[in-house]
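Every number here is computed from the coordinates shown, using simple stated rules; none is lab data. All values reported here derive from a predicted model rather than from experimental measurement. Note that we place each Cβ from the backbone using ideal geometry, even for glycine, and neighbour counts take in every protein chain shown.
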């Protein structure tokens, strides 16, 4: 006999599925083409050296190196000759040489030598190894993987250009803000959504797992969201026990930029560091960070701690008892099941961010230039409102 109380069991759950338009990042996908219209950090400056380094970016396997003249190069992993990985190649003065038959490619993919061919390869100029341009800024290596005719200027940022006394720029590749290891095994959007979700700070970071940041971040804020020229801005207002107003502004900047003030509130001021979410492929991402610091290693020391320990120091039992962003986001699955979500009023920022991403995808599909790209190398640095600010109590 059927029981009416059995209706609504898991058998009746909605069909599952993610939103491929916003999550999939490979060549030819809607989001992949949007992402390829921007510069992305792919390593620290020191990562390009005389030893080839295998990296994966937007679903493409690449090899990073620095030739003998000091130029950084980024080429597709498989040699244009017979497909052997250039990861096993040898870096020389003029480029990288394949271990299989010795073909030599420069940092722009030009084949400059074919030692097994007559005349060192009389037709070598007809072969080109797929490559991407590389620039160096803020301690990071940047690449542009989109159409050459649409290549924008590499942006500068006021937060990293105007230094206060005693400050210098430090770069970090430890996925600061990701709450876990350098490479995080889930889709990039699961983290990017998190940037405009200030309420999880109160629950996850402020009470559920103990005070992971500072006490004032555990106070329930009054939150409002608005579109900015760059993305979605979040204003969180907290009244402190002494009556002062703690005003916190953060922003998700398209396509992958984290403009998040220090949650440990070391000082009340403009945002100290910027982070870039790099989609490795559809199911992995990492975060590169550059910031103003006064001591070496300061960025690394900002990594989240759970129960007083770094993520990798926790036991499996502690990961369950003291979850952080890594556990909350990775446990959604390799790609979150968007069809099963039930967004609420507190998710307004997430809905706005996804809507803006979708609009920019459509703009690129229609042949336009997405938000935030500029083609003038002399354009002024991009400025953000983000920061932690304190205001005196109203008399």
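Among 329, 110, 320, whose mean-square fluctuation peaks in a Gaussian network model of the chain (Cα, cutoff 10 Å)?
Fluctuation is largest for 320.
For each of 188, 311, count neighbouring Cβ atoms within 10 Å of the residue's Cβ, then give the residues from fewest to most.
If I rank by nearby Cβ atoms, fewest first, I get 311, 188.
Compute the helix-to-body angle for 348-365: its Cα long axis versus the longest principal axis of the chain, expressed 0 to 90° and rounded to tens.
The two axes meet at around 30 degrees.
Most fluctuating residue of 32, 210, 43 in a GNM of the chain with Cα springs under 10 Å: which is it?
Residue with maximal mean-square fluctuation among 32, 210, 43: 210.
Taking neighbour Cβ counts within 10 Å as the exposure measure, how do 151, 309 sort from fewest upward?
309, 151
Translational diffusion coefficient of segment 62-214 at 25 °C, 0.890 mPa s, Stokes-Einstein with Kirkwood Rh over Cα pairs, in µm²/s as a whole number.
127
Starting from the exponent 0.38 and prefactor 2.2 Å, build the expected Rg for segment 48-135 from its residue count and divide its actual Cα Rg by it.
Against the compact-globule rule of thumb, the ratio is 0.98.
Give or take rounding to whole Å, what are the principal axis extents of the alpha carbon atoms in the chain, in descending order?
Rounded to whole Å, the extents work out to 82, 73, 47 Å.
Scale the Cα Rg of segment 161-299 by the rule-of-thumb value 2.2 N^0.38 Å and send over the ratio, two decimals.
The value comes to 1.06.
Using just the helices of the chain, give the 222 nm mean residue ellipticity in deg cm²/dmol: DSSP H runs with n ≥ 4 each add -39,500 (n - 2.57), and the total is spread over all residues, rounded to 500.
Rounded to the nearest 500, the figure is -3500 deg cm²/dmol.
Fewest Cβ neighbours within 10 Å first, please rank 11, 100 accordingly.
Fewest-to-most Cβ neighbours within 10 Å comes out as 11, 100.
Taking 7 Å along the Cα-to-C-beta vector as the label spot, tell me the residue 393-residue 331 distance in nanometres, rounded to one decimal.
Taking the two extended label points, one gets 3.9 nm.
In a Gaussian network model over the chain where Cα atoms closer than 10 Å are linked, find which of 78, 262, 194 has the largest mean-square fluctuation.
78
Could you pull out which residues in segment 44-88 have an amide N less than 19 Å from a spot 7 Å beyond the Cα of residue 300, following the Cα-Cβ vector?
44-48
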